[in-house]
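Participant: Dropping a structure here in structure tokens format, bear with me for questions.
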Amino acid sequence: MLGRAFRWFWAGEAVSELGTYVTTVALQVLVVLTLGASATELGVVNAARWVPYLVLGLVLGVVVDRWRRRPVLITTDLARGVLLGAVPLLWWVGALTVPVLAGFMVVLGVASLLNDAASQSFVPRLVPRSALVRANARLDQTGAVAQASGPAVGGAVTTALGAPLAVLVDAATYLLAAFAVWRAKVPEPNPVRTATRAGGGLRHATRRLLDDVREGLRWVYRHTTLAPLALATHGWFLCNGVVTTVLAPFALVGLGLSAFQLGLALAAAGAAGLVGALFSERAGRVWGAGRTVVVARAAMVPAWSVVALAPVGDPDGAAAWLTVAVVALAPVGDPDGAAAWLTVAVVAAGQALYGLAMGLENANEMGYRQAVTPDHLQARTNTTIRSVNRAMLVVGAPAGGLLADHVGYRPALWLGVAGFTLVAALLGFSRFRTAQHPQVS
């Protein structure tokens with residue numbers, strides 16, 4: 001049921017995911033340690049990549065619906081490879097600064113926006129709708145493997161070669177992904193260019209473009225189950241932007257961990273995410289899409305609480321013994337000593353629960369959304385939801401940095417935990433909790 005074209009697409013997604021997680025570590029270290037930036041500046045760099053989703057997301061969703069998906073994927077993968085390949089060159093000539101890096105992230109975000117819209121809309125053309133949960137589960141499983149290995153590899157490569165050169169790994173993976181998608185040949189229907197086909201000039205084209213944007217918005221936010229899912233997901237991304245921005249400086253500066261140790265802790269999310277992805281299809285069949293996603297969202301609360309409960313303490317004192325007893329508190333000590341590795345273990349435990357929940361959720365959320373959405377609205381639905389999600393990151397990432405700089409790492413994490421609690425509760429009381437997958441096989 002998952003044919004040759006999907007397998008090539010799957011391979012391309014897997015290799016680019018690996019590079020992305022390598023760069024996740026490398027960019028955090030590059031900003032915090034190599035460029036000596038503050039948590040607020042790190043938040044700005046993290047947010048810069050998502051600005052295009054906020055500004056162009058709705059429009060580009062309409063555009064992608066009028067193009068064939070495969071050429072868009074190939075072109076944007078090539079563009080992202082070239083962009084990331086320029087980062088170490090700028091560092092080598094001494095021209096890499098936080099504003100320059102943020103500018104690169106904006107351009108990279110435009111390419112990623114187009115790629116995301118085409119990628120999520122391409123899957124329903126590769127497999128029948130009854131196999132969408134299975135296809136998304138396979139993508140999640142390889143993504144989880146990449147998430148498990150990528151941060152550890154990224155931490156090791158960053159430690160050995162430095163953060164700027166580690167970014168080259170991601171650049172190479174995008175080029176390989178472009179080749180894989182080129183091999184994923186599948187018939188695609190002729191694109192519909194309603195805004196340019198009719199007469200009337202620029203004014204008419206603009207009006208038709210806005211009509212198409214409104215059609216996508218109405219589909220998402222008037223749908224009885226997609227609407228509460230979309231709104232809850234927007235809130236989730238706001239909270240996630242806060243906690244993920246705080247995590248890197250908290251670990252590197254507040255807890256004194258090395259890049260390699262941070263990479264290992266982040267890798268736990270990928271390892272557990274693989275487990276979640278392996279069970280996601282069964283969970284969706286037994287519990288339904290709604291209950292599975294609600295349970296996964298609720299799991300974010302204990303996941304980030306574990307991370308927030310890591311205090312600074314004497315590695316030989318009571319805090320260390322309490323950590324051993326309840327596996328909830330981790331002291332900070334010599335980065336090469338037992339106390340630091342105990343800290344790594346505790347942060348990794350929180351990240352593991354985070355990854356497990358995401359692995360369980362994503363295939364069910366994405367499979368349900370793709371299955372209930374008509375083909376001509378796929379890209380608009382995806383970019384409508386993703387654009388607002390990324391807008392939440394544009395707000396949440398700098399907010400996380402500002403909170404970390406002004407009130408401390410731990411209070412910022414606890415605010416994120418409170419937000420996750422509210423989001424999970426609202427989704428649990430909505431109509432989406434009863435959503436079922438159509439024709440799951």
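The values are calculated or read from the model by the stated rules, or taken from the named source; none is laboratory data. Just so you know, these numbers come straight off a predicted model, no measurement behind them. Every residue, glycine among them, receives a Cβ derived from its backbone with ideal geometry; neighbour counts consider all protein chains shown.
Participant: Taking the stretch 84-105 on its own, how many of its residues are closer than 18 Å to residue 28 by Cβ and surrounded by 16 or more Cβ atoms within 10 Å (Cβ to Cβ)?
Facilitator: 10
Participant: Could you grab the pairs with beta carbons closer than 7 Å, sequence gap of 6+ or different chains, first residue in the stretch 207-236 and over 14 Å from residue 383 (Cβ atoms), second one hydroxyl-bearing (Ser, Thr, Tyr) and at pLDDT below 90?
Facilitator: Pairs found: 208/194.
Participant: Go through 34, 97 for me and flag whichever is out of contact with any Lys or Arg (no Cβ under 9 Å at 6 or more places or on another chain) and modelled with pLDDT of 85 or more.
Facilitator: Answer to the selection: 97.
Participant: Continuing with this model, one more query. If you scan the stretch 268-300, which residues turn out to be in contact (Cβ under 8 Å) with a residue 12 or more places away in the chain and aromatic (Phe, Trp, Tyr)?
Facilitator: Residue satisfying the conditions is 279 alone.
Participant: Here is a follow-up. Could you tell me whether residue 76 is free of Cβ contacts under 8 Å to residues at least 60 places away in the same chain and either over 20 Å from the mean Cα position of the chain (by Cα) or part of a helix (DSSP H, G or I) (or both)?
Facilitator: Against the criterion (free of Cβ contacts under 8 Å to residues at least 60 places away in the same chain and either over 20 Å from the mean Cα position of the chain (by Cα) or part of a helix (DSSP H, G or I) (or both)), residue 76 qualifies.
Participant: Take the stretch 106-142 and flag every residue that is out of contact with any Asp or Glu (no Cβ under 9 Å at 6 or more places or on another chain), surrounded by fewer than 20 Cβ atoms within 10 Å (Cβ to Cβ) and of a type in the set (S, T, N, Q).
Facilitator: Result: 130, single match.
Participant: Among the residues that make up the stretch 218-231, is at least one of them within 30 Å of residue 80 (Cα to Cα), at pLDDT below 80 and not β-branched (Val, Ile, Thr)?
Facilitator: No, the conditions are met nowhere in the stretch 218-231.
Participant: Right, another one. In the stretch 59-75, what count of residues is obtained for those that are surrounded by 23 or more Cβ atoms within 10 Å (Cβ to Cβ) and either small (Gly, Ala, Ser) or in contact with a Phe, Trp or Tyr (Cβ under 8 Å, 6 or more places away or on another chain) (or both)?
Facilitator: 3
Participant: Across the stretch 100-115, what is the number of residues that are touching a Lys or Arg at 6+ places or on another chain (Cβ under 6 Å) and either free of Cβ contacts under 8 Å to residues at least 12 places away in the same chain or of a type outside the set (A, V, I, L, M) (or both)?
Facilitator: Qualifying residue count for the region: 1.
Participant: Has the stretch 64-71 got at least one residue that is at pLDDT below 80 and under 21 Å from the mean Cα position of the chain (by Cα)?
Facilitator: Yes, there is a match, as at least one residue in the stretch 64-71 is at pLDDT below 80 and under 21 Å from the mean Cα position of the chain (by Cα).
Participant: Just need a number here: residues in the stretch 22-65 that are more than 22 Å from residue 391 (Cα to Cα), in a helix (DSSP H, G or I) and of a type outside the set (Val, Ile, Thr).
Facilitator: So the count comes out to 3.
Participant: Among the residues of the stretch 228-241, is any outside any helix (DSSP H, G or I) and out of contact with any His (no Cβ under 8 Å at 6 or more places or on another chain)?
Facilitator: Checked against the condition, which is being outside any helix (DSSP H, G or I) and out of contact with any His (no Cβ under 8 Å at 6 or more places or on another chain), the stretch 228-241 yields no hits at all.
Participant: Continuing with this model, one more query. Within the group 56, 33, which residue is surrounded by fewer than 19 Cβ atoms within 10 Å (Cβ to Cβ), of a type in the set (A, V, I, L, M) and within 30 Å of residue 250 (Cα to Cα)?
Facilitator: Among 56, 33, only 33 is surrounded by fewer than 19 Cβ atoms within 10 Å (Cβ to Cβ), of a type in the set (A, V, I, L, M) and within 30 Å of residue 250 (Cα to Cα).
Participant: Could you tell me whether residue 159 is touching a Leu at 6+ places or on another chain (Cβ under 9 Å) and either surrounded by fewer than 22 Cβ atoms within 10 Å (Cβ to Cβ) or closer than 16 Å to residue 88 by Cβ (or both)?
Facilitator: no
Participant: Follow-up question, since we're still on this one. Within the set of pairs 6 or more residues apart or between chains, which connect a residue that is under 17 Å from residue 157 (Cβ atoms) inside the stretch 23-43 to a residue that is of a type in the set (A, V, I, L, M, F, W, C) and outside any helix (DSSP H, G or I) with Cβ atoms less than 8 Å apart?
Facilitator: Note: pairs meeting the criteria are 31/37.
Participant: Determine which single condition residue 150 fails, assuming it passes every other condition in (1) surrounded by fewer than 23 Cβ atoms within 10 Å (Cβ to Cβ); (2) more than 28 Å from residue 63 (Cα to Cα); (3) not hydrophobic (A, V, I, L, M, F, W, C).
Facilitator: Every condition holds for residue 150 apart from (1).
Participant: Related question: Checking residue 88 against (1) in a helix (DSSP H, G or I); (2) out of contact with any Ser or Thr (no Cβ under 8 Å at 6 or more places or on another chain); (3) under 28 Å from residue 210 (Cα atoms), which single condition isn't satisfied?
Facilitator: (3)
Participant: Could you list, in sequence order, all residues of the stretch 358-377 that are more than 19 Å from residue 224 (Cβ to Cβ) and surrounded by 24 or more Cβ atoms within 10 Å (Cβ to Cβ)?
Facilitator: Scanning the stretch 358-377 gives 358, 359, 360, 361, 363.
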